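Take a look at the structure below.
The values are calculated or read from the model by the stated rules, or taken from the named source; none is laboratory data. Treat the numbers as computed from the prediction; the structure is a model and nothing was measured. Every residue, glycine as well, gets a Cβ built from its backbone with ideal geometry; the counts of neighbours run over all protein chains shown. Each accessible area value is taken on the protein alone, full model and side chains, heavy atoms only, with ligands, DNA and RNA left out. Shrake-Rupley method; radii C 1.70, N 1.55, O 1.52, S 1.80 Å.
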Number of protein chains: 2
Amino acid sequence: MEKIYIIGIGLIGGSFAKDLRKCYPKAQIFGIDTTPSHITEAIRIGLIDEEATISTIEDADMVVLSIPVDTAVKVLPEVLDQITDQTLVIDMGSTKASICACVTTHEKRRNFLACHPIAGTEFSGPMAAIEGLYRGKTNIICEVEKTSFKLQEKALQLFTSIGMRIRYMDPVSHDKHIAYVSHLSHISAFMLGKTVIDKEKNERDIFDMAGSGFASTVRLAKSNPVTWTSIFKQNKKNILETLDEYISNLTHFKKLMQEDNFTGVHKEMENTNHIKEILKGIE
Amino acid sequence: MEKIYIIGIGLIGGSFAKDLRKCYPKAQIFGIDTTPSHITEAIRIGLIDEEATISTIEDADMVVLSIPVDTAVKVLPEVLDQITDQTLVIDMGSTKASICACVTTHEKRRNFLACHPIAGTEFSGPMAAIEGLYRGKTNIICEVEKTSFKLQEKALQLFTSIGMRIRYMDPVSHDKHIAYVSHLSHISAFMLGKTVIDKEKNERDIFDMAGSGFASTVRLAKSNPVTWTSIFKQNKKNILETLDEYISNLTHFKKLMQEDNFTGVHKEMENTNHIKEILKGIE
């Protein structure tokens, strides 16, 4: 690896850059970002060496796409148009069906590997980049059979050396399941934050009463609205399904309370308590 | 302080016992609990010295009530019936209107101080007790004027020495506000857990895809159903109000998505993003 291009140098791309530096200490890392201050900061803190543009990536050994998913579907074909047969292109997006669909018939399809590293924080921008963000995390790879074997191998070597666990999945199943375990949590947190903030307009002291439980439940409401709007747009159908189920579960819980059916309320909570075992592997 | 009785020796009472040991190293600590194994464990790990029963508390210098709030309203009058004029009785419950109401006319009302320490974890039982749980946390005290000045002073000295910040509030406002910043978060987490678990019945591998964001949002769904059923029962009216607002915000978000109004979706998230500043003081 001599030349690596990272398109979108925020939390995800920036943290990946830190790992790339360790794996390929001699490589030159170029950054492409539509926010000029991201480039300046990323150079200042050493995430990248230089700014670049998409028109100059023909000499890339590797291109990493870590931009909002609705932009990625426009940029990926442009990237594939310009690279050599040896270039590995990966994306890091939270949705996988659209990105896979946008290059199905592209003549360079075999240069692309669709990835979703299940890692992140609620912060954004190059300053939020963390060393070791991907260590011990799962990387979901979609349509692996459509990537050339040589480039698969190259990518897997990299992922293994930064400590990621690999899982293969088809893009449609990915988007369906991730709506439950990731996208819905974000909406639940954002709307919890909204409900409490709306209240606070009149009752100023309310947050003084909040504890670590509230902080944990609402944490994801700090997430970047640009990133998440594009995810919600692309995974609309699946997310609407999860939202319907969530709202219906909340409405049922409300009904139990209204009817003073506290045996029912207790049962609802007891049945959900085994989330303890499920979470054991995650936290 | 020579004799301290803790009624309910779980996470809250047990953690408080650890602080009491430090403040009053010579005091004898007695435990009362309806779960026999709690007593055995609490003695084994040194939270308490001996088991006791409510009928033996007449020699107490201090009595701490840390039991589910619907039981506390039954036990508190019994406790007050038996203590001396010098005994300080405090409770640690998450609702305050009912407990204050249940002793309004009790002749020993001045021996009772209604407290709600905003502290806890999602775990329960004596083994979950943590040293320093209350350090730096807020203790909300209700109807302070109804407690004798001497006993107020005694309690405040204790709270200060274990590092708590004191805040005074009337019990009705307490219950209204805490419904937003604490009780609603629990329902939101429990129902998120339920929604995802229900799905998992058919799709076994789904949790493999969950990350730290999901774990954080759903964390409170590990909480004790007995504790929380009694809180929901006692604060029903306020909680139903918060649930209505939460469901209506989620439904509005869903509608924006259905109408492809992603400018609206973005705005909803952006408006809630300032939760960052609000959370700064809590985490």
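Based on what the data block shows, is B:Phe159 over 14 Å from the mean Cα position of the chain (by Cα), surrounded by 18 or more Cβ atoms within 10 Å (Cβ to Cβ), assigned by TED's automatic domain parsing to the domain that holds B:Leu47 and over 30 Å from A:Lys194 (Cβ atoms)? Before the answer, list the steps.
Numbers: over 14 Å from the mean Cα position of the chain (by Cα): yes; surrounded by 18 or more Cβ atoms within 10 Å (Cβ to Cβ): yes; assigned by TED's automatic domain parsing to the domain that holds B:Leu47: yes; over 30 Å from A:Lys194 (Cβ atoms): yes.
Judged against the criteria, B:Phe159 is a match.
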**Fill in**
Going through the stretch B:244-267 in order, the residues found to be over 31 Å from the mean Cα position of the chain (by Cα), of a type in the set (D, E, K, R) and part of a helix (DSSP H, G or I) are B:Lys254, B:Lys255, B:Lys267
**Request:** Look at the stretch A:204-239 and say how many of its residues are over 20 Å from B:Phe190 (Cβ atoms), open to solvent by 10 Å² or more (accessible area, probe 1.4 Å) and more than 15 Å from the chain's Cα centre (by Cα).
**Result:** 7
**Asked** So, of the residues in the stretch A:112-148 that are part of a helix (DSSP H, G or I) and open to solvent by 60 Å² or more (accessible area, probe 1.4 Å), which turns out to be nearest to the other protein chains (Cβ to nearest Cβ)?
**Response** A:Met127
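Name the residue, out of B:Ile32, B:Ile67, that is under 20 Å from the mean Cα position of the chain (by Cα) and free of Cβ contacts under 8 Å to residues at least 40 places away in the same chain. Even if it seems obvious, please write down each step before you answer.
On the way: B:Ile67 fails: free of Cβ contacts under 8 Å to residues at least 40 places away in the same chain.
None of the other options fit; the residue is B:Ile32.
Restricting to the stretch B:240-258, give me the number of residues that are facing another protein chain (nearest Cβ under 7 Å) and open to solvent by 50 Å² or more (accessible area, probe 1.4 Å). Show your work before the answer.
Keep residues of the stretch B:240-258 that are facing another protein chain (nearest Cβ under 7 Å), which gives B:240, B:242-243, B:245-247, B:249-251, B:253-254, B:257-258.
Of the ones still in play, those that are also open to solvent by 50 Å² or more (accessible area, probe 1.4 Å) are B:245, B:251, B:258.
Within the stretch B:240-258, residues that are facing another protein chain (nearest Cβ under 7 Å) and open to solvent by 50 Å² or more (accessible area, probe 1.4 Å) number 3.
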**Prompt:** If you scan the stretch A:259-279, which residues turn out to be loosely packed, with under 14 Cβ neighbours inside 10 Å and of a type in the set (S, T, N, Q)?
**Reply:** A:Asn261, A:Thr263
**Message:** Quick check on the stretch A:221-231: of everything there that is aliphatic (A, V, I, L, M) and touching a Ser or Thr at 6+ places or on another chain (Cβ under 8 Å), which residue is farthest from the other protein chains (Cβ to nearest Cβ)?
**Reply:** A:Ile231
**Message:** Take the residues in the stretch A:1-13 that are touching a strand residue (DSSP E or B) at 6+ places or on another chain (Cβ under 8 Å) and closer than 16 Å to A:Thr227 by Cα; name whichever of them is most open to solvent (accessible area, probe 1.4 Å).
**Reply:** A:Ile12
**Request:** All but one of (1) open to solvent by less than 30 Å² (accessible area, probe 1.4 Å); (2) touching a residue at least 12 places away in the same chain (Cβ under 8 Å); (3) aliphatic (A, V, I, L, M) hold for B:Met191, so report the exception by its number.
**Result:** (2)
